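I'd like to ask you about the structure that follows.
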Amino acid sequence: MTDTTPRFAFPLLQAGQAQKEMFHNEAIAGLDLVAQPGVVAAGVDTPPSAPESGQSWIVGTAPTGDWTGQAHKLAGWSLGGWRFIAPVEGMAVWVIADALIARFRDGGWMLGIETAASLNIAGDQVVSERRPAIADPTGGAVIDVESRAALGSVLAALRAHGLIES
């Protein structure tokens, strides 16, 4: 039998355990940090000097001070001091300073990068995987010069946005 949960290592109560309220309160404090998490900022290496209870941060890659040894973890300030939670693969956190989602993937935090097979709005697919290259228009009569220029501009924009290959 384990004494902690498998994902976030929250303490579990055991039969006949003394001071169960301490373990229960510690688990609730950890849950408060990871349930619908929102952090002040991501990639921060130096702990703030005057954090407010309930605020949290994503610790950077070279933490100092009270955060030493806690790289990539969620750091939450409580009345009992700093609490740290190790992220799990796929964990998503709202970063208030950037107004973006940070997702823990392959051992690090990716800010504002989302991976999807397609983008659907109101049930209609508007973007999907990149399509093959489309050749620039050529040929035609003199009147086609303006049409070719317009189509060329559209194709250049699609390439610049990465929607079709160059």
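The values are calculated or read from the model by the stated rules, or taken from the named source; none is laboratory data. Quick caveat: nothing in here was measured; it's all calculated off a predicted structure. Counting neighbours? That spans all protein chains shown, and the Cβs are built from the backbone with ideal geometry, glycine included.
What number of residues within the stretch 27-51 are modelled with pLDDT of 75 or more and part of a helix (DSSP H, G or I)?
0
Right, next: Taking into account only those residues within the stretch 42-73 that are of a type in the set (Gly, Ala, Ser) and surrounded by 13 or more Cβ atoms within 10 Å (Cβ to Cβ), which is farthest from residue 95 (Cα to Cα)?
71
Next up: Being of a type in the set (D, E, K, R) and under 17 Å from residue 45 (Cβ atoms) is the requirement here; does residue 66 meet it?
Considered against the rule, which asks whether it is of a type in the set (D, E, K, R) and under 17 Å from residue 45 (Cβ atoms), residue 66 comes out as yes.
Please go through the stretch 122-166 and give me each residue that is free of Cβ contacts under 8 Å to residues at least 12 places away in the same chain, touching a strand residue (DSSP E or B) at 6+ places or on another chain (Cβ under 9 Å) and loosely packed, with under 10 Cβ neighbours inside 10 Å, ordered by number.
126, the sole residue that qualifies.
Filter the stretch 98-113 down to the residues that are over 8 Å from the mean Cα position of the chain (by Cα) and more than 21 Å from residue 70 (Cα to Cα) and list them by number.
Correct list: 98, 99.
In addition: Do you know which residues across the stretch 140-161 are within 48 Å of the chain's Cα centre (by Cα) and at pLDDT below 80?
Scanning the stretch 140-161 gives 144, 145, 146, 161.
Let me ask you something else. Only one of 119, 100 is out of contact with any helix residue (DSSP H, G or I) (no Cβ under 7 Å at 6 or more places or on another chain) and at pLDDT 95 or above; which?
100 is the lone residue from the list that is out of contact with any helix residue (DSSP H, G or I) (no Cβ under 7 Å at 6 or more places or on another chain) and at pLDDT 95 or above.
With of a type in the set (Gly, Ala, Ser) and within 30 Å of residue 50 (Cα to Cα) as the only criterion, which of 86, 156 stands out?
Unique residue meeting the criteria: 86.
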